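Encoded as structure tokens, the structure appears first; notes follow it.
The values are calculated or read from the model by the stated rules, or taken from the named source; none is laboratory data. Since the structure is predicted, the reported quantities are computational estimates derived from the model, not experimental observations. We place every Cβ from the backbone using ideal geometry, glycine too, and count neighbours over all the protein chains shown.
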Amino acid sequence: MWDLLFSQYKTYDAFSIWLEIIAVLFGLISVLFARVNNILVYPTGIISTLIFVYLLFQWSLIGDFLINIYYTIMSIYGWILWSKRKNDDLEYPIATMNTQEFKKSIVLFTLTTLFVIIIYIYFDKFTSWTAYVDTFTTGLFFVGMWLMAQRKIENWIVWIIADFISIPLYFLKGYTLTSLQYIVFTILAYYGYKEWKRILQP
């Protein structure tokens with residue numbers, strides 16, 4: 001079982017393995033902060049995404065690389081929004097999506113997916129079925145991050161779907177630690193949705 005899960009790491013340098021471990025840990029810590037609606041989700045998340053930007057570039061995973069650049073930018077954006085207050089109240093409290101935001105999510109998903117398809121064609125990355133799934137999950141992750149920055153409860157539903165798909169995807173790519181991270185992410189996203197729903201409907 002150990003060889004099945006971690007045999008691919010035999011060819012990795014120790015520096016990359018430790019970086020992946022650190023990125024995974026900070027990613028988990030970030031989601032835990034998100035679950036309880038704590039603004040520390042962003043500084044901890046930025047540490048994780050910046051490390052993954054480096055690693056994914058080294059691994060030539062273009063779609064995932066772009067996702068983490070976007071995560072970093074949106075983390076800064078979300079950090080700013082979550083910090084804003086109006087008359088001592090949060091300017092962006094937990095809320096549900098309206099029709100306009102739903103339409104924006106569809107547009108963002110579509111444009112992101114098309115952009116990644118173009119990038120994959122340009123770099124000739126459509127060499128396996130996982131690349132096609134990547135285009136779909138990238139669109140979901142972009143929407144999920146945007147909704148989280150807006151503090152919309154639906155972000156958790158998007159995360160649950162995208163995280164669940166990513167579990168076998170990263171395992172098949174040979175990144176077991178990241179795959180295990182997404183198992184935990186899926187569970188935390190489920191409880192994050194329940195927690196935000198409880199806060200939204202006291």
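Assorted remarks:
- Among the conditions (1) closer than 21 Å to Y175 by Cα; (2) touching a residue at least 60 places away in the same chain (Cβ under 8 Å); (3) crowded, with 19+ Cβ neighbours inside 10 Å; (4) over 13 Å from the mean Cα position of the chain (by Cα), D64 misses just one, which is (4).
- Enumeration of residues in region 11-38 that are under 11 Å from G192 (Cβ atoms), touching a residue at least 40 places away in the same chain (Cβ under 8 Å) and part of a helix (DSSP H, G or I): V31, L32, A34, R35
- In summary, L169 fulfils each of the numbered conditions (1) over 22 Å from F115 (Cβ atoms); (2) at pLDDT below 95 with the single exception of condition (1).
- In region 21-54, the residues that are surrounded by 22 or more Cβ atoms within 10 Å (Cβ to Cβ), within 18 Å of Y191 (Cα to Cα) and among the β-branched types (V, I, T): V31, V41
- Region 114-134 residues that are closer than 15 Å to L61 by Cβ, paired with ones that are charged (D, E, K, R) and not in a helix (DSSP H, G or I) (beta carbon under 7 Å, 6 or more apart): A131/K125
- Residue within region 116-138 that is under 26 Å from L200 (Cβ atoms) and buried (at least 16 other Cβ atoms within 10 Å of the Cβ) present: no
- Residues (in contact with an Asp or Glu (Cβ under 8 Å, 6 or more places away or on another chain) and in a helix (DSSP H, G or I)) located in region 170-182: L177, T178, Y182
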